[in-house]
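Before any comments, here is the structure.
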Amino acid sequence: MNTTALLIGLCPVIGWGFFPTVASKIGGRPVHQIFGTTLGAFIFALIVAIATKTALPTGGDLILALFSGVGWALAQILTFQSFALVGASKALPVTTAFQLLGASLWGVIFLGNWPSTSERIMGGIALILIIFGASLTVWMEKKSQESALVMKKAILILAIGEIGYLTYSAAPQATTIDGMTAFLPQTIGMLLVAIIYGIVTSFKGRAVFTERVSYGNIASGFLFAFAALTYLISAQPNMNGLATGFVLSQVCVVVGTLTSIWFLKQRKTKKEMRVTLIGLGLIIFAAALTVMN
């Protein structure tokens, strides 16, 4: 792996790693966060499309790309809601684990991955490690019945959100276009969901489109879009390839969790911190197993 490929492969770690921390730091309710994030992602994608002279796809490819973005936005709304419940440092490893599980199971069931018995055994071990690692990241040394119920609610929300994230990843596989061409229409689908969500929320007497915090979250949208774009580049065969690029990008869970703890003051005891680091390590190790299997 050359230095250029490695640096590009680590760019998604920066973007996706800092994205939840920045969004949480800027603040606002989930509706502010999703509107600002998707608006920022759309602006970024539009600039890239103009600079690279990438035209919008047509027909079924356009619909699937839009649908992909819709899935991500719906899932991200639920993820922002989980951040509000338990904090990004606890929610991020769980949602990452769910996404790894979803992507792996989708590949096995629908794409024919892991066809041999040995591959399925190794893959099964990796999935167990992902689940165990995620459980370690949310472990609490002292927990009340109320905090345990809140954590269970957050995990349920994230599990439902995985349907949207899986749609985001799977829908483009049914198209005939590459990731760069799908990039802009995906962000259009994301923004449409955010606008509808904002309108519905506004009917309840809550301003969304006129509040400064909504537009402050454009910065988090830039981070997400930067990560998504550089991942597309990293996954190219002449760079890191899909497998290596995916593993490198998953390091974002470490960055996101640790920055949330440090910058958002989401405190953990020394024992909780050690257990969290072990859980993060298991998730990354399992991610490597799934793509090398």
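The values are calculated or read from the model by the stated rules, or taken from the named source; none is laboratory data. All figures in this text were calculated on a predicted structure; none of them were measured in a lab. Glycine gets a Cβ as well: all are built from the backbone with ideal geometry, and neighbour counts include every protein chain shown.
Out of curiosity, is ILE63 of a type outside the set (Gly, Ala, Ser), modelled with pLDDT under 95 and over 17 Å from the mean Cα position of the chain (by Cα)? So ILE63 fails the test.
The set of residues from region 164-213 being assigned to a helix (DSSP H, G or I), farther than 23 Å from SER68 by Cα and not β-branched (Val, Ile, Thr) comprises SER202, PHE203, ARG212. Does ILE14 meet the test of being free of Cβ contacts under 8 Å to residues at least 40 places away in the same chain, surrounded by fewer than 24 Cβ atoms within 10 Å (Cβ to Cβ) and either acidic (Asp, Glu) or in a helix (DSSP H, G or I) (or both)? In short, no. Cβ-Cβ contacts under 7 Å between residues 6 or more apart (or on different chains), taken from a first residue in region 267-281 that is within 25 Å of LEU127 (Cβ to Cβ) to a second residue that is in a loop (DSSP other than H, G, I, E, B) and not β-branched (Val, Ile, Thr), are listed as GLU272/TRP139; GLU272/MET140; GLU272/GLU141; VAL275/TRP139; THR276/LYS268.
Restricted to region 111-127, and to residues there that are free of Cβ contacts under 8 Å to residues at least 40 places away in the same chain and assigned to a helix (DSSP H, G or I), the residue that is nearest to ILE283 (Cα to Cα) is GLY124. Residues in region 130-142 that are surrounded by fewer than 22 Cβ atoms within 10 Å (Cβ to Cβ), in contact (Cβ under 8 Å) with a residue 40 or more places away in the chain and assigned to a helix (DSSP H, G or I): PHE132, SER135, LEU136.
Determine whether LEU101 is assigned to a helix (DSSP H, G or I), under 16 Å from the mean Cα position of the chain (by Cα) and either under 24 Å from LEU156 (Cβ atoms) or at pLDDT below 90 (or both).
Working: assigned to a helix (DSSP H, G or I): yes; under 16 Å from the mean Cα position of the chain (by Cα): yes; either under 24 Å from LEU156 (Cβ atoms) or at pLDDT below 90 (or both): yes.
Criteria met by LEU101.
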